[in-house]
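Written out below as structure tokens is the structure these notes cover.
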Amino acid sequence: MSIKFVCSCGKRLRARDEMASRRSVCPRCGALVGIPSREAPARGAPAGPLSPAERVRSRRVVPRTDSFPGELVVADLAPVSQAADALAAVPPAVPLNPDAVEPPAPPRPKRTYFRRGQLETWWFHCLLYPMRAFVLILGLAVGLTLVTGATVLLIPELFELRTQPWWHAAICSAYLVIPLVAGGYACAALDCVLAAGITGQAAYLAWPGRNIGEALAGSGRWLICFLAGPVFLVAVIVAFWMYCGDLLLFDWFIVAELGVVTVGYWLFVLASVGMSGGLTGVHPFQVIDLVHRLGYRSAVVAVLAAAFAGAHAWLGLTALDGVHRGASGWVWLFAAWFSALFWAVFIFRLLGVWCHRARICRP
Amino acid sequence: MKRPYLVWYVLALVLALAPAGFRVLLWPGLKQHAADAAMVRAGETLFTHVWKEKDALSPSGDGLGPVYNATSCVACHRQPAIGGSGGLQHNVTTFVVKPQKPGDKTREGVVHAFATRFQETLAQVDAMLPPVARPTLAQLVAGLPRADGHCLAPSFPRNVHVSQRNTPALYGARLIDELPERVIIGRERLEQIKFGLQPAQGENAPVGRVNRLANGKVGRFGWKAQSASLSDFVQAACANELGLGNPGQAQPRPLSAPNYQPPGLDLTQEQCDQLTAFCASLPAPVERLGSPGFGRKMAEEGKSLFAAVGCADCHTPDLGPIQGIYSDLLLHRMGQTLEGGGSYGAPPPPVPDVSPGEGPLPDEWRTPPLWGVADSPPYLHDGRAQTLEEAIRLHAGQAKRAADMFGKLTTGEKNELIAFLQTLRAP
């Protein structure tokens, strides 16, 4: 048999018998919960903990006893139900003192609002995080727009370096460092968002700031995570797209499902590295452990991330094509980068929070 | 730590990759030409046959003509041997007349050099043009330093463009015909990625595009990549160059007799297949670097320069399974100076089958394969360049950057590059 009880946030919980009278953590809100005991705490009190339905019916009848574990008694915060007939069906408990005063009615439970600085409890709470980081995302989008647009416009010029002396080519190729640094900084910013979620940190926004070393370290982690597995899947996708000719519907399905696997695996490698605190997280077994612990949430994240990545890749490529034609391409490119960064921050925050919950609930 | 669920995740990864592997197995491979010696011999007979009006080999049709450019295939395709290229005297004159009034359609076609009846002249293209029957290249292209006629083009109306086509060599046609379409499409995508998604319609980078025909196929034969297969190319040439109507392409109607109806087809499908089989039997050109020595070293240096200068961006050495073709078979914009509209577009059913507005632009040309280039002068689409160096200098549009880089080479480096091109010989 299992012990059923309700957390203060309203989440219905169940624990094994051997966990009675112990403490645990609510998987939804992360708060500590006390698991009630099956034994009757005092003579005259109801035997064992009540089911949620029983608790509703006996809300104004069951007295509080000091032997109940902690203040987190169901009667305090269970959903309010004023069905008088339900109450009438339950025989009243016999008080120890016939002249005892009936204890006051428990206060109405408060609704669980999401407050700033509090770790997100629902998935849509994570949408507030990119809104808080609006200025950061705006700045990154502007920078990446300028860098990527300038890079594609200068690519034909770089091919003229083929006949130049090697030192001349090396100096001109130094320009390529700029887009790498810009991209690396964006990767590091997302890495910070993921790490903040994994550690359960919600009081302030995490970003690399002016710490270029941190930015380079973050981009290095991303690169290593990419090379640890997704690089092979990306090679398969690119080779398939290059040589399949005109894509049929089945071909598009193949590209889509390979994209989901690639993007999802890359995300989980990053999360695994974040949770392990080092590069040992790139081991496929650790990644699989994380995916198994997340359960269905891993599939949700993978599909969401792949869908967003694919849509924004298409938008970005269309915008880059437009950059060659006029100013409207630049506007579209900025919109693509801004939207991509916004949803990337949301997904990384969501993944980080879910990893945080999964780590706390780890047996 | 035991992970009993590990097997399921590995299985899931295998299932994720399985559709891609299954699809790869279904990709169309090389289109194999069945080598039939009898068909090839019969095709060679037809290729060298000198056609005449009411020819015995075409009992159902009118034989040669009534309008034609040559009396046999080998009359043009003979340099340096049967199946090769042709000289300036065998150039085909094409025209494009753009509409001047709303509702008018673009007219394009060929001004045939000869006729059994209904001789064609430029005046039949447009009343403002002189009645010249066989215009020379110098009469159509300004600035050519030759004495075979002063240029007439400046006096042409603005909506009329007349250009010429030089006879291409047919060597290696089987390899091109067998190439899967996905290889050509893959090359197009590679060039788009390589040059940062530069548009193919621009002239800033050598980004080519596939010529999509109206039936959805990819063009690969002809100066404008207007034919999707060797069979289509052969049938179109028979009809338009020799006036031999066949099941794939009807013979053109004379400009002065648009209502002319031939009594029947001049060639049967079997005869067309025999001609195609012979063309497919022609060997591919070879790269002859020569014996080790100074000449070979020059050629090898020139080969490196060929890639460094940017020639290999379009004249890519290998295309899929074809080694040494030096072409990407894509359309590239070559600049206003190398414009040339017109095609085998006269009614009946046109080849190329191009929807209006979607065909190659006047300055778009398929990258000609450079294999055998040393034995196929003159060069460019109309043969205006007598030497390889002159041909490189005349490259414009998307190729201008490479032409400028060639111009900046030293004399010795230029000689090395030309020496390399001279190693690309006909079989």
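Helix-derived [θ] at 222 nm for chain B: sum -39500 (n - 2.57) over DSSP H runs of at least 4, divide by residue count, nearest 500? Helix-only estimate at 222 nm: -9000 deg cm²/dmol.
The value of relative contact order for the range A:196-346, using C-alpha pairs under 8 Å at least six residues apart, is 17 percent. Of the accessible area of the range B:181-318, computed with a 1.4 Å probe over protein heavy atoms only, carbon and sulfur atoms account for 55 percent. Computed from Cα positions, the angle between helix B:411-421 and the longest principal axis of chain B comes to roughly 80 degrees. In a reduced charge model with +1 at each Lys and Arg Cβ and -1 at each Asp and Glu Cβ, the range B:89-200 shows a dipole moment near 140 debye about its Cα centre.
Antiparallel DSSP bridges in chain B: what percent, to the nearest 5?
100 percent
When you count, for each residue, the other Cβ atoms within 10 Å and take the mean per peptide, how do B:396-402, B:243-249 rank with the highest first? Kindly include the intermediate steps, with their values, before the conclusion.
Numbers: B:396-402: 21.3, B:243-249: 23.3.
Packing order, densest peptide first, comes out as B:243-249, B:396-402.
Here the peptides B:129-139, A:231-241 are ranked by packing, the mean other Cβ count within 10 Å, and the order with the highest first is B:129-139, A:231-241.
Looking only at other chains, what is the average number of their beta-carbon atoms within 10 angstrom of each beta-carbon in A:259-266? If you can, show how the numbers build up before the last one.
Details: counts 0, 1, 5, 1, 0, 0, 2, 0.
Whole-number average of other-chain Cβ neighbours for A:259-266 is 1.
Debye-formula intensities of the range A:303-363, expressed as log10 I(q)/I(0) at q = 0.20 Å⁻¹, are -0.74 (one equal scatterer per alpha-carbon, no solvent). The spacing between the range B:263-283 and the range B:195-260, judged by their C-alpha centroids, is 18 Å. Across peptide A:228-238, the average count of Cβ atoms from other chains found within 10 Å of a residue's Cβ is 1. Counting only the Cα atoms, chain B fills a convex hull of 204 Å³ per residue. Given in Å, the Rg to one decimal and the Dmax to the nearest whole number for the Cα atoms of the range B:83-147 are 14.0, 44.
Provide the packing ranking of A:11-17, A:122-128, i.e. peptides ordered by the mean count of other C-beta atoms within 10 Å per residue, highest first.
Values: A:11-17: 13.0, A:122-128: 15.3.
Result, highest mean Cβ count within 10 Å first: A:122-128, A:11-17.
The lysines within cross-link reach of B:Lys414, meaning a Cα-to-Cα straight distance under 22 Å and a gap of 8 or more places when in the same chain, are B:Lys297, B:Lys303, B:Lys400. Projected onto their three principal axes, the Cα atoms of the range B:162-281 cover extents of 55, 35, 26 Å, largest first.
When the convex hull of its Cα atoms is viewed from all sides, the range A:233-335 shows a mean projected area of 8.6 nm². Shielding of peptide A:282-294 by partners, expressed as the average count of other chain Cβ atoms within 10 Å per residue Cβ, is 2.
The values are calculated or read from the model by the stated rules, or taken from the named source; none is laboratory data. The shown structure was predicted, so the numbers you read here are calculated from the model rather than taken from an experiment. Note that each Cβ is placed from the backbone with ideal geometry, even for glycine, and that neighbours are counted across all protein chains shown. These area figures cover heavy atoms from the full protein model, side chains too; ligands, DNA and RNA do not enter into them. Shrake-Rupley method; radii C 1.70, N 1.55, O 1.52, S 1.80 Å.
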